[in-house]
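Reading through the structure tokens given below for one structure.
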Amino acid sequence: TQEIECRNVFFRYHQNGSASYALEDINIVIPANKMTAFVGRSGAGKSTLIDLLMGLNQPEKGQVLLDGVPLTNENLFSLRRAISYVPQDPFLFNASIRENLKLVVPDTTEEQIWEALDFSSAAEFVRNLPQGLDTLIGDRGIRLSGGERQRIVLARAILRNPSILVLDEATSALDTENEAKIQQAIDRLKGRMTIVVIAHRLSTIRNADQVVVLDQGSIIQKGEFGQLA
Ligand code: ADP
Ligand code: ADP
């Protein structure tokens, strides 16, 4: 279980020769086993910050720390292993649901699969499919709704048994019912792993322990959802 911290972090993209910072003096602690949400308009720096937190980029100045220890090549590996990342547009193979889950985590028992599906609010609809876990999805199988796909991908992320789960706009393309299902899943996972979400709808982050509002590369607000102005 791991806490991630940014200390005086600055980051600039150099492609365009720009002098402006995508992130400027970011200080934030992401506590273990809590849910932290990042919000802010497009271009605020959310993705840039998440990339730094996941060790995909390095700050130009400042430090990213993992359990109080600065990220180095050694603990970068353990950070990557500890993280499951769920993108906005999740990828599923043209295969059965079971294969989609097992391809990423081969040594998984039937019981673990159903547990993960339960956690991601997917167990019920999978159980009701004509061939259950063996139902083919994708081009030669059935079409899943966006919410169903997202819940299968979430189950796959959970099966990796991460200590940090990053959901990148995972509900922004979903309707309110599916969004609520993902939220229930997050509520069940809170306390078992560190959850980081990027969101642009406030409805998604009501259950966040910490909401971080970014604007033009800076943190302009930080607190519990109810305290936000
Ligand atoms: P958000 O995720 O909140 O939409 P980003 O982190 O993607 O914000 O972007 C922060 C700033 O960095 C923006 O000004 C954006 O244009 C810029 N930026 C993002 N990615 C790149 C990149 N690969 N090259 C150059 N500039 C980038
Ligand atoms: P998209 O349809 O969002 O563009 P991609 O083309 O990236 O998705 O597809 C990624 C994988 O997910 C492919 O194997 C595709 O067959 C499968 N896939 C795409 N849409 C669905 C869906 N609605 N239900 C099940 N599988 C899908």
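For the reader, a short list of remarks on this structure follows.
- Cβ-derived FRET efficiency at R0 22 Å, ASP187 paired with SER145, nearest 0.05: 0.55
- Expected 222 nm ellipticity per residue - DSSP helices of 4 or more, -39500 (n - 2.57), all of the chain, to 500: -8500 deg cm²/dmol
- Surrounding net charge for SER47, when Lys and Arg each add one and Asp and Glu each subtract one, Cβ distance under 10 Å: -2
- Dipole axis of the chain (+1 Lys, Arg; -1 Asp, Glu on Cβ), positive-most option in GLN88, VAL64, VAL166: GLN88
- The charge dipole of the chain, taken about the Cα centre with unit charges on the Cβ atoms of Lys, Arg (+1) and Asp, Glu (-1), comes to about 140 debye, rounded to the nearest 20.
- Net charge over other residues, Cβ less than 13 angstrom from the Cβ of SER84 (K, R count +1; D, E count -1): +4
- Fully extending the segment from ARG127 to ASP209, taken as 0.36 nm per residue of separation minus the present Cα-Cα distance, adds 26.3 nm.
- Part-to-part distance (alpha-carbon centres) for the range 154-187 and the range 107-130, which is given in Å: 14
- Beta bridge orientation in the range 132-229: antiparallel %, DSSP, nearest 5: 40
- Annotation: the antiparallel percentage among DSSP beta bridges lying fully within the chain is about 50.
- Set of the range 112-143 residues, backbone N closer than 15 Å to the point 7 Å along the Cα-Cβ line of VAL105: 112-123
- Cα centre as origin, Lys/Arg/Asp/Glu Cβ charges: the range 130-229 dipole, Debye: 300
FYI, it's all coordinate maths here, none of it is from the lab. These numbers were taken from a predicted model, which means no experiment stands behind them. Reconstructed Cβ throughout: ideal geometry from the backbone, glycine too, with neighbour counts over all protein chains shown.
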